[in-house]
Each structure stands twice: as structure tokens, then as C-alpha cells.
Amino acid sequence: MDYRPGNNSHKVFYLTGFTSLGEHRRLLSIPFLFLLLYMTAANGIITFVIATQKKLHEPMYALIGSLTLLSFFFPIFFLPRMVVSFASGKNNITKDECLIQMFLLHYCGCFQSSILLQMALDRFFAICWPLRYHNIVNLRNSVIFTALLAFRNTLTIVVKVGLFIPLTFCHTNTIHHCLCEHSSVVMLACGNIARNYIAITVAFSLTSGDCVFIAATYIVIFIVIFTSSSGESRQKAIHTCGTHLTVLGIAYVSVMCAFVGYRVSGVPPDVRTLLSLAYLLIPSCFNPVIYGIRTKEIKVQVLKVFKSDKVEDEKS
């Protein structure tokens, strides 16, 4: 499994994350299955409510709905296979399957950063230029800006993942992970992988640039908030921005921990795997809870939907 003579390249990989647990590794299928069910249900409910309730058909709620929709699909791209792998002990994955999973995971990761950026800009215009908000944040401008971000993300990830295709794996096909995370696979390749690490750095720089821009935007927002007259609108603005900053902090801290874990020597493989899974799972776990509890309008509409369903059941 670990060595093949000659110049042939492995076409099948073996995902060996958490194999140090031995027979107890099978038990991991239980908590990860519950996580999958919870994340799809919670994010699905928030997305459904935002899509069906007319009172939530506003730019900010549309962005929240996009984020929860992304969080709905994100775990589906890798958790089902991971659960089956833990339960059955079958850890093999073909190179083509690995490529597809890698593309979907990193593509969604880029769009998560883009949505958080759009949220920050939405709050910036709403709080700093309230009289011009509806002129700036309209359908035409939103579509143009979203298209530009989509082009940026697509180009970045296509190049990043595309550079993986010609790589050969002549020494080992054992990946110390539970999924095809780009860095953990590329580091196993034979030959020169400098271009791959440049692509990784560029992709990380884009999301880091988003984070810096978002941070600067919220600094300006809070300066405007605290220099304006106090009142109910000020408290509402602080509450709304606090909710977005909580989501932002969870997302970027998770990414940073995973990124550092791969670049600090001496970190055990299973710890790296856990940090990488945390980066993928934590935002999807907490986003629906944060927006469902802290955003009053969403919470009211969620309760309204469940109450109406209960009333209909009682009538029937």
C-alpha cells in the first residue's frame, strides 16, 4: 500500500485519519452522523424560513440565507463518506473522487469568505450611508459584485486544484486525514510541488485579504456607531454587528488554527486532522444557532413557521 516500484503513480489513496484509535475508530461514526443530521436540519430550517417568509426578503437576510445554504451543503460533500469509512473500515478513495471532493470543499470555503465580506459591506452602507443604502445595495450592484467574487473564487480554486491533476504519487498513497484536504494530499506528491504551494499561498492570501478588509470595515462601522447619538437604533446596530462578528470570528479562527497546524512541525497527525475538521464543521454547526437566536426577525419567523405547522396538525 505504501510503495510501488517504477514510475507509476497511485490512482487510489487511503485515508488514515484517527487510525491510532484502533478498533475504537468505528465509534467515531456515531458523533459524526449526529453532526451531519444536526447541521443539515438546522441550516436547512433557517434557509427554508428565509426563502419562504416575505418579511425576510431583504439583502442582509438573503446573505444570511446564502451562508446557511452553504453550511447545509458543506458537510454533505464529505461527512457521509467519512461516516461510512469509520463504520466499515473502508478507507480507500480514487484520485478522481479525491479531486472532486477537494474542489467542492475549497470552493465552498472561498464563497464563505465572500459572503462574510458582502455582509460587512452591507452593514457599512446601512450604518455609514443610510440615506444612500437602497441606491447602492440594489439588485444590479449586488449581482455585479457577486459575479466578480464568483469569478475570483472560481479562477483561484480551478488553478489551485488544477495543479493537483498532473501530480504523481510514486512513494505513498496514505493520507493522514479523513478527507482529501489539499495540503495533506499535495505534500505526498513526487517531484517539484513549489507551484502548488504558491497556489495555496495565493488562495490563503485572498481569504486573509477578505478578513483584513472586513476587520477595517467593522472598525469604521463601530467608530460611526459610537460617535452617533445613542438610542434604540444604536443598540440594534451594535447587536447586529456583534452577531456578524461572532460568525466571522468563528470562521476565521477555525481557518487560522487549521492553517497553522499544517505549518508547525511536531504537531501529531491526528491533531492536524482534528483542527482541519474543526475548520470545516464549526461554522456549519454554529451559524444557524447564532442567527436563529440572536437575529430577532429570523427567530420570530422560525417560531411562526413551526406554530403554523402545529396548528395545521391539530386541525387535521
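The values are calculated or read from the model by the stated rules, or taken from the named source; none is laboratory data. Quantities reported herein were computed from a predicted structural model and do not represent experimental measurements. Every residue, glycine among them, receives a Cβ derived from its backbone with ideal geometry; neighbour counts consider all protein chains shown.
Would the stretch 20-34 turn up any residue that is under 22 Å from Q301 (Cβ atoms) and hydrophobic (A, V, I, L, M, F, W, C)? No: zero hits.
Taking the residues in the stretch 68-100 that are assigned to a helix (DSSP H, G or I) and of a type in the set (K, R) as candidates, determine which candidate is modelled with the highest pLDDT.
From the stretch 68-100, those assigned to a helix (DSSP H, G or I) are 68-73, 75-77, 79-88, 95-100; that's our starting set.
Going one step further and asking which of them are of a type in the set (K, R), we end up with 81, 95.
Details: R81: 92, K95: 89.
Here the answer is R81.
Any idea which of N192, N196 is at pLDDT 80 or above and buried (at least 18 other Cβ atoms within 10 Å of the Cβ)?
Details: N192 fails: buried (at least 18 other Cβ atoms within 10 Å of the Cβ).
None of the other options fit; the residue is N196.
I157 passes every criterion in (1) under 30 Å from S228 (Cα atoms); (2) of a type outside the set (G, A, S); (3) without any contact (Cβ under 8 Å) to a residue 60 or more places away in the chain apart from (1).
Yes or no, residue by residue, for (1) more than 21 Å from H244 (Cβ to Cβ); (2) touching a helix residue (DSSP H, G or I) at 6+ places or on another chain (Cβ under 9 Å); (3) surrounded by fewer than 13 Cβ atoms within 10 Å (Cβ to Cβ):
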residue	(1), (2), (3)
L117	no, yes, no
D122	no, yes, no
A126	no, yes, no
L131	yes, no, yes
H134	no, no, yes
I144	yes, no, yes
L149	no, yes, no
T154	yes, yes, no
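Would you check if there is a residue in the stretch 133-149 being modelled with pLDDT of 85 or more, in contact with a strand residue (DSSP E or B) (Cβ under 8 Å, 6 or more places away or on another chain) and not in a helix (DSSP H, G or I)?
no
Please enumerate the residues belonging to the stretch 162-202 that are farther than 23 Å from M82 by Cβ and touching a helix residue (DSSP H, G or I) at 6+ places or on another chain (Cβ under 6 Å). Within the stretch 162-202, L163, I193, N196, A199 meet the criteria.
Condition check ((1) crowded, with 17+ Cβ neighbours inside 10 Å; (2) part of a helix (DSSP H, G or I); (3) not β-branched (V, I, T)) across all residues:
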position	(1), (2), (3)
A203	yes, yes, yes
G209	no, yes, yes
V212	no, yes, no
V220	no, yes, no
F226	no, yes, yes
I238	no, yes, no
V247	yes, yes, no
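Tallying residues that are of a type in the set (A, V, I, L, M) and within 18 Å of the chain's Cα centre (by Cα) within the stretch 156-197 yields 4. For C180, the conditions (1) part of a loop (DSSP other than H, G, I, E, B); (2) at pLDDT below 85; (3) at negative phi all hold with the exception of (2). Taking the conditions (1) of a type in the set (A, V, I, L, M, F, W, C); (2) more than 23 Å from S183 (Cβ to Cβ); (3) crowded, with 17+ Cβ neighbours inside 10 Å; (4) at pLDDT below 80 in turn, F286 satisfies each one other than (4). Every listed requirement among (1) modelled with pLDDT of 80 or more; (2) closer than 24 Å to L67 by Cβ is met by I223 save one, (2). All told, T94 falls short of being in contact (Cβ under 8 Å) with a residue 24 or more places away in the chain, out of contact with any Leu (no Cβ under 9 Å at 6 or more places or on another chain) and surrounded by 22 or more Cβ atoms within 10 Å (Cβ to Cβ).
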